Amino acid sequence: MKFLIVLALVGAAVAYTPLSSGDADVVRSAWDKVKHSEVDILAAVFSAHPDIQAKFPAFVGKDLDSIKGSAAFALHATRIVSFVSEVLALAGNSATVPAIKTLVNQLGQNHKNRGVTKDQFNEFRASLTSYVSGHAPWGDNVAAAWNHALDNVYEIIFSNLDGHPVA
């Protein structure tokens, strides 16, 4: 039985497959509708998952409403959104895959060093996806391209969390 569970987990792993230029355009189009709502995006993540807020020393134990309007909160929200924007700007071009891998490997390693777990990354993903899907045009094609993009990013992040950066 244990073997079947391990086999199922290994089979569930997704191999990095670059986005087509068309899928990258679809994802960027949805992202473009929300990327200027940095504070609202991070607030939605923290609201849904206080354990993620607890990973940020500047925000630990503080009421979300009281920090949401602070410069520190806006700055960190901008960092997160800027990272996503940078990766998406590179998506859809096979020549930029090494740059994407470098950026995401660094993110994965930095967050491993901070003790961020796969569960917390999955919580972040769910909250981010919920926010984007609720604030941008969203259909099956957008959902498929978005999930493909995040599957790629998360493969690299999780490999780093496991101690195996992606080449």
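The values are calculated or read from the model by the stated rules, or taken from the named source; none is laboratory data. Keep in mind that this is a model prediction, so the values were computed, not measured. Every residue, glycine as well, gets a Cβ built from its backbone with ideal geometry; the counts of neighbours run over all protein chains shown. We work out accessible area using only protein heavy atoms, side chains counted, and drop any ligands, DNA or RNA first. Shrake-Rupley method; radii C 1.70, N 1.55, O 1.52, S 1.80 Å.
Taken over segment 54-82, residues that are touching a Lys or Arg at 6+ places or on another chain (Cβ under 8 Å) and either open to solvent by 80 Å² or more (accessible area, probe 1.4 Å) or assigned to a helix (DSSP H, G or I) (or both) amount to 1.
May I ask you to list pairs of residues, at least six apart or on different chains, whose Cβ atoms are under 6 Å apart, with the first in segment 130-147 being within 19 Å of Ala48 (Cβ to Cβ) and open to solvent by 30 Å² or more (accessible area, probe 1.4 Å) and the second being assigned to a helix (DSSP H, G or I) and of a type outside the set (Phe, Trp, Tyr)? Listed by first residue and then by second, the contacts come to His135/Val34. Taken over segment 84-95, the criterion of being in contact with a Leu (Cβ under 7 Å, 6 or more places away or on another chain) and either assigned to a loop (DSSP other than H, G, I, E, B) or surrounded by 15 or more Cβ atoms within 10 Å (Cβ to Cβ) (or both) is satisfied by Val87, Ala91, Gly92. Taking the residues in segment 96-107 that are open to solvent by less than 40 Å² (accessible area, probe 1.4 Å) and in contact with a Leu (Cβ under 6 Å, 6 or more places away or on another chain) as candidates, determine which candidate is nearest to Trp31 (Cα to Cα). Out of the qualifying residues, it is Ile100.
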